[in-house]
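Let me begin by presenting the structure, written as structure tokens, before commenting on it.
The values are calculated or read from the model by the stated rules, or taken from the named source; none is laboratory data. Just so you know, these numbers come straight off a predicted model, no measurement behind them. Neighbour counts are summed over all protein chains in view; Cβ atoms, including those assigned to glycine, are modelled from backbone coordinates with ideal geometry.
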Amino acid sequence: MILLDEPAAGMTHEEVHKTAELVREINRTKALIVVEHDMQFIRMIAKQVTVFNQGSVLVEDSVENIMRNPQVRDIYLGKQAAA
């Protein structure tokens, strides 16, 4: 198993795309845990997402459903951003 913590942080758009390709390639043969706040990057690499809040699983779902989840939006973007 491989753990990646914020692998897209500080990268250019092109670098993010190359990193996503590498992550998908690695994931063909290895289990990965990716800690990342960049949901566009997550869209490129994941089908299922687990969102943690204060050390516990808040929700597990598809990327699209996670991005629409009002509870996730409230916690990570604030209630005003979700409105």
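Computed values, structure above
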read-out	value
Qualifying residue in region 57-72 (condition: surrounded by fewer than 16 Cβ atoms within 10 Å (Cβ to Cβ), part of a loop (DSSP other than H, G, I, E, B) and of a type outside the set (Val, Ile, Thr))	no
Matching option when the condition is outside any loop (DSSP other than H, G, I, E, B), assigned by TED's automatic domain parsing to the domain that holds GLN71 and within 21 Å of ASN65 (Cβ to Cβ), among PHE52, PHE41	PHE52
Residue in region 13-33 that is under 14 Å from the mean Cα position of the chain (by Cα), surrounded by 15 or more Cβ atoms within 10 Å (Cβ to Cβ) and not in a helix (DSSP H, G or I) present	yes
Restricting region 1-12 to residues that are surrounded by 10 or more Cβ atoms within 10 Å (Cβ to Cβ) and of a type in the set (Gly, Ala, Ser), the residue that is nearest to VAL63 (Cα to Cα)	ALA8
